[in-house]
Amino acid sequence: MTSYTIHENVHEALHNYEMPEKLGFGLSPGPVMYSVSYMDGMWGEGVLEANRPIQIQPSAKVLHYGQEIFEGMKAYRVDQARANLFRPERNWQRFNRSAKRMAMPEIPQQLFMEGVYLVTAYSEAIIPAASGQSLYLRPFMFATEPSLEVTGANQFVYMVIASPSESIHAGTMKVLIERNDTRAAIGGTGAAKTGGNYAASFASRQRAMALGYHQSLWLDPVNKKNIEELSVMNFFAVIKGELYTPALTGSLLEGVTRDSIIHLAQSMGVRVHQQPLNIDELIRQIQSSDCSELFCCGTGAILAPISALGEYDGTEYQVKYPDGKLSLVIRERMLGIQECRLEDPDHWVEWIPEEYYPTA
Ligand code: COI
């Protein structure tokens, strides 16, 4: 049985909400948020309320030891009255894998989804309706236990916030090969969706942006030879008409979009290889045009073609199809399913159960 509270300020928040003129990605908070606490080994009762600043103690463990995990999901409402989700159980499963790695409590599917359902259902009217736009949903959990003791916390809060958004990158990207720093260690937290992985990527991203690139391309932490991912996205190459993506090594994130693309490409008759991708070998294949296309993907970014890889010394490797070719076909197929414009043979689309909608 579901048991949660809808705070009385929710309706006013929805009524007063003004859609931002420029959406961008994750720039403007939606009107409502969901939260539920965990204490003494038990989850409490969830609350949906108006979006507001939250209070935690300055000694809350998340602020000192980074015990935090999150997910990225989207609700779509393109040319339809009701909002839909895309493979949400995958996000719940990954959330719990991240929780385990970060010594945090796993969350029951029903509770994880309750937050996602309530925030989506109550925000439905403000979900932007153009193709490529969505309500970006951010479920997250953090340690609130007020103690500087260096042990895993025993108090946590799980929350869901949202932001009406466009995709992270519209158009083609340029990517800088990061040959110095690495993102995650073998046996580390690279496969967990935890804030520290992203914080560890910012210095490199800043250097990349200063050189005119959009993202850094991370290499493996041992030999700095095999491609891993791009922090906010997984990486793909089209080589001789077949798709290649780095195998999951434990130090890169298992993307829901990555998995969906592999599946869709296979269903289109494209061979997909999940294996180590050596950067120097790939550069040779780009130069010989055996590699005709590169792209990256993620929930926020959907799928973006990569026009070129670059080095810190200014060398650039341009791909044959800088704006994508096969990648655009896959993107359209996936986005079409996500936005309910195309048939959904694998039943990836899910609807919000009626009981979570506000009563009139
Ligand atoms: C997403 O694509 O949803 C992500 O989680 C990546 C980034 C926005 C942190």
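Rule-based calculations on the coordinates, nothing more; no lab input. Just so it is clear, the model here is predicted, and its values are computed rather than measured. We place every Cβ from the backbone using ideal geometry, glycine too, and count neighbours over all the protein chains shown.
Taken as Cα centroids, segment 286-353 and segment 221-284 sit 12 Å apart, rounded to the nearest whole angstrom.
Modelled this way, with points 7 Å down the Cα-to-C-beta line, the labels at Ala130 and Glu354 are 3.4 nm from one another.
Does anything in segment 149-167 have its amide N under 12 Å from the 7 Å Cα→Cβ label point of Asn16, and if so which residues? Answer for this model: none. A simple spin-label model places pseudo-atoms 7 Å from Cα toward Cβ; at Asp181 and Glu242 they are separated by 3.5 nm.
If you take the alpha carbon atoms of segment 148-229 and fit the smallest convex hull around them, that volume is 156 Å³ per residue.
Nearest 0.05, what FRET efficiency do Glu311 and Trp43 give at R0 = 45 Å with Cβ-Cβ as r? Calculated transfer efficiency: 0.40. How big, in percent, is the set of alpha carbon pairs in the chain lying more than 29 Å apart? Counting every Cα pair in the chain, those more than 29 Å apart make up 42 percent.
If you take the C-alpha gyration tensor of segment 173-324, multiply each eigenvalue by 5 and take the square root, what semi-axes do you get, largest first, in whole Å?
21, 19, 14
The orientation-averaged shadow of the Cα convex hull for segment 1-110, equal to a quarter of the hull surface, comes to 9.5 nm².
Let me know the shape class of segment 158-201, please: from the alpha-carbon gyration tensor, a ≥ b ≥ c as square roots of the eigenvalues, rounded when a/c is under 1.5, otherwise prolate if a/b is greater than b/c, or oblate. All intermediate terms of the calculation are to be shown ahead of the outcome.
On the way: a/c = 3.30, a/b = 1.16, b/c = 2.86.
It comes out oblate by the Cα gyration axes.
A Stokes-Einstein calculation at 25 °C with viscosity 0.890 mPa s, built on the Kirkwood radius of segment 1-65 over Cα pairs, returns a diffusion coefficient of 171 µm²/s. Total lysine pairs in the chain at Cα distances under 23 Å, for residues eight or more apart or on different chains: 15. Computed extension length for Arg341-Thr5: 117.5 nm, one decimal, from 0.36 nm per residue of separation with the Cα-Cα distance subtracted. Computed over segment 31-87, the convex hull of the alpha-carbon atoms projects to a mean area of 6.3 nm². Full extension of the chain between Tyr198 and Ile54 gives 49.6 nm of extra length, using 0.36 nm per residue less the Cα-Cα distance. Anisotropy class assigned to segment 37-196 is oblate, per the alpha carbon gyration tensor with a/c at or over the 1.5 cut-off and a/b no larger than b/c.
What is the calculated FRET efficiency for Lys224 to Arg271, with r their C-beta to C-beta distance and R₀ = 30 Å, to the nearest 0.05? Present the calculation step by step, with values, prior to reporting the outcome.
Details: r = 28 Å, r/R0 = 0.93.
Calculated transfer efficiency: 0.60.
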